[in-house]
1. Using a 1.4 Å probe on the protein heavy atoms only, what accessible surface does S54 show? Give it in Å² to the nearest 10.
2. Once you put a point 7 Å from the Cα of A86 and another 7 Å from the Cα of H116, both along the Cβ direction, what distance in nm separates them?
3. What size of dipole, in debye to the nearest 20, comes out for the range 90-170 about its Cα centre when the only charges are +1 on Lys and Arg C-beta atoms and -1 on Asp and Glu C-beta atoms?
4. Suppose the chain between T104 and Q30 were pulled fully straight at 0.36 nm per residue; how much longer would it get relative to their current alpha carbon spacing?
5. How much of the calculated P(r) for the range 42-170 lies past 17 Å, in percent of all Cα pairs?
6. Quick one: what do you get for the range 71-128 if you divide its Cα Rg by 2.2 N^0.38 Å?
7. Take E165, E87 and sort them by solvent-accessible surface of the protein heavy atoms, 1.4 Å probe, largest at the top.
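The values are calculated or read from the model by the stated rules, or taken from the named source; none is laboratory data. Not measured: the values here are computed from a predicted model. Don't worry about glycine lacking a Cβ; one is built from the backbone with ideal geometry, like all the others, and counts go over all protein chains shown. The accessibility values were calculated without ligands, DNA or RNA, using every heavy atom of the protein model including side chains. Shrake-Rupley method; radii C 1.70, N 1.55, O 1.52, S 1.80 Å.
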Amino acid sequence: MRPRAASSPLLALCLVSLTACGVNDTGPAQAGAPASGLRRTQGRPPATVHVYFSSPLGLERVSRLDKRPNTLQAAMDQLVAGPDPAERTRGLVSLIPPGTPAPTAVTPQSSTADVHLPRGWTANRTALHQLVCTAADAAATTHGTKPKDARVRLYRPEGGEPATEVCTRP
């Protein structure tokens, strides 16, 4: 028997079994309400705030949630609070001395952060870099740009012209 002739009855059997599977046309089925996402809790939804801490590899960015409307000031407050226990376990540290008051900060224009350092702010260059990158990230997030494009103006409590810094984190 040729292979072609032997496969014909098998093909016919498969076609018959597929057409007689017994599923009737039922039309559309009733369903529940469409998906609507997560339900909001009372108040403002949390915003993601990015804070920079020091590690053996350099500065590292961590994300935190904060419900305050001013993400730049929230970032400053989170920065001086230091790393949480999980972040410390990962080797992150803050070189901003504990108990240092948080700088006040605003974003007066796109991609700019004005940071007013409080009296008694004594921080080394790495701690200042933590501050600049945290402020630049918050200003950039607020205005939809990149942190490397943001300018941070640092105002010292004794007055004078502000120092303009950029985050040079690779």
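1. Approximately 20 Å² of S54 is accessible to the 1.4 Å probe.
2. With each label point 7 Å from Cα toward Cβ, the separation is 3.5 nm.
3. 220 debye
4. Net length gain for the segment: 21.0 nm.
5. More than 17 Å apart: 54 percent of the Cα pairs in the range 42-170.
6. Normalised Rg, Cα atoms only: 1.21.
7. The residues order as E165, E87, largest area first.
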